[in-house]
Amino acid sequence: MTDPRPEAIYDVFQGRHGSGGKPVAVFGSAAGDLQAAAAAAGTPLSVFIESADLTGLRLRVFTPTREKGESDSASVAALTHRQKHLLDVTEVFSGHPATPAQLCGGEWLLGQGVVSVQPTRLPNRPLQLPDPGPAHIAGTGRPNLLIEVPGLEALEQFTPDAGAISELGRATGTTGLILYTTAPLPADQGRADVCFRAFGPLKGFLEDAASSNMFACLTGVLAQRGRLAPDSNLIRGAQRQPGRPSRLTAQYGQPDETVWVGGSAVRRST
């Protein structure tokens with residue numbers, strides 16, 4: 001049997017001017033040697049649509065070397081690819097339980113769960129950060145440590161060290177680190193309500209380019225701090241991994257309600 005070929009490649013959560021984001025290959029079926037097909041696709045992620053109807057998609061997600069399981073980037077790519085055949089409120093099955101999805105302003109958003117937030121104290125000069133601001137622990141499951149930094153320069157000049165970040169995580173009982181600032185982007189880079197970077201050596205990666213669940217945690221922290229616009233239920237985030245900028249959207253409500261996160265998926269021209 002011939003291994004399947006992708007029907008399309010999408011750049012998910014692209015930054016300004018079509019840069020960055022996560023490339024995802026979308027396959028219309030899940031027949032053949034899926035791992036070999038993912039290895040040949042030439043993208044960091046490949047998503048295979050096992051089945052689809054109006055109410056949802058059943059997916060399998062692979063990297064070039066292994067089956068990954070759940071991936072918000074892959075889900076957004078597959079939802080965008082099948083958008084004309086789906087209801088605006090649907091579900092994605094790529095793990096247990098199913099993940100709810102909704103189409104909002106032309107972007108697919110995925111339910112991340114209810115975010116719990118609590119303030120925390122940091123050791124002196126954590127990670128050699130200049131003038132760190134308030135710190136919080138937030139999560140929908142595994143907890144993340146969030147630290148405000150004084151501006152965009154401090155955020156973008158930070159050099160991550162896996163050992164130091166892991167040590168701070170163990171000291172605070174967290175598995176991920178999010179540094180953020182509400183300082184504005186340069187005028188030629190568009191608008192964002194918050195800029196952030198996400199690190200997770202205790203989760204198996206040093207830095208992620210587009211982190212849906214970690215952005216949900218950041219949204220919860222900003223809500224608790226009164227930093228979200230009272231006349232809106234959407235927030236735009238610019239994730240700033242050097243060389244791989246991404247943009248995400250979060251929808252929020254009351255503190256005991258689910259935070260939804262997603263963004264754009266742009267199909268590459270063939």
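For the range 1-110, what does the alpha-carbon gyration tensor say about shape, rounded, prolate or oblate, given a ≥ b ≥ c as the root eigenvalues, a/c under 1.5 as rounded, and a/b over b/c as prolate?
Values: a/c = 1.75, a/b = 1.20, b/c = 1.46.
Verdict is oblate for the range 1-110.
Suppose only helical runs count, i.e. DSSP H with n ≥ 4. What mean residue ellipticity at 222 nm does that imply for the chain under -39500 (n - 2.57) per run, divided by all residues and rounded to the nearest 500 deg cm²/dmol? The partial results should precede the final answer.
On the way: 5 runs with 48 residues, N = 270.
So the calculated ellipticity at 222 nm is -5000 deg cm²/dmol.
Using Cα atoms only, what is the angle between the long axis of helix 212-224 and the major principal axis of the chain, expressed in degrees (0 to 90) to the nearest 10? Approximately 40 degrees, to the nearest ten.
Answer rounded, prolate or oblate for the chain, using the Cα gyration tensor with square roots of eigenvalues a ≥ b ≥ c: rounded when a/c is under 1.5, else prolate when a/b is larger than b/c, else oblate. All intermediate terms of the calculation are to be shown ahead of the outcome.
Numbers: a/c = 1.78, a/b = 1.57, b/c = 1.13.
Prolate, since a/c reaches 1.5 and a/b exceeds b/c.
Helix 72-81 and the longest principal axis of the C-alpha atoms of the chain enclose an angle of approximately 40°. Amide H contacts under 5 Å for Trp108: Gly263, restricted to partners 5 or more places along the chain or on a different chain, H placed in the peptide plane at 1.01 Å from N.
Coupling constants for the range 29-43 follow from the phi torsions by the Karplus curve (6.51 cos²θ - 1.76 cosθ + 1.60, θ = phi - 60°), and in residue order they are 9, 10, 9, x, 7, 5, 5, 5, 5, 5, 5, 8, 5, x, 10 Hz; glycine and proline get x. An oblate overall shape is assigned to the range 93-213, the ratio a/c of its alpha-carbon gyration tensor axes (a ≥ b ≥ c) being 1.5 or greater and a/b not exceeding b/c. Under the simplified labelling scheme, the Val89-Ser232 pair shows an inter-label distance of 2.4 nm, with each label point 7 Å from Cα along Cα→Cβ. Under 30 Å of direct C-alpha separation, and excluding same-chain neighbours fewer than eight residues apart, Lys84 reaches these lysines: Lys22, Lys68. Of all beta bridges that DSSP places with both ends in the chain, some 80 percent have antiparallel geometry. Here the range 1-77 carries DSSP beta bridges of which approximately 75% are antiparallel, counting only pairs with both residues inside.
Report, for the range 140-270, the % of DSSP beta bridges that are antiparallel, rounded to 5. Present the calculation step by step, with values, prior to reporting the outcome.
On the way: 17 of 25 bridges.
Antiparallel bridges: around 70 percent, rounded to the nearest 5.
FYI, it's all coordinate maths here, none of it is from the lab. Treat the numbers as computed from the prediction; the structure is a model and nothing was measured. Methodologically, a virtual Cβ is constructed for each residue, glycine included, from the backbone with ideal geometry; neighbour enumeration extends over all protein chains shown.
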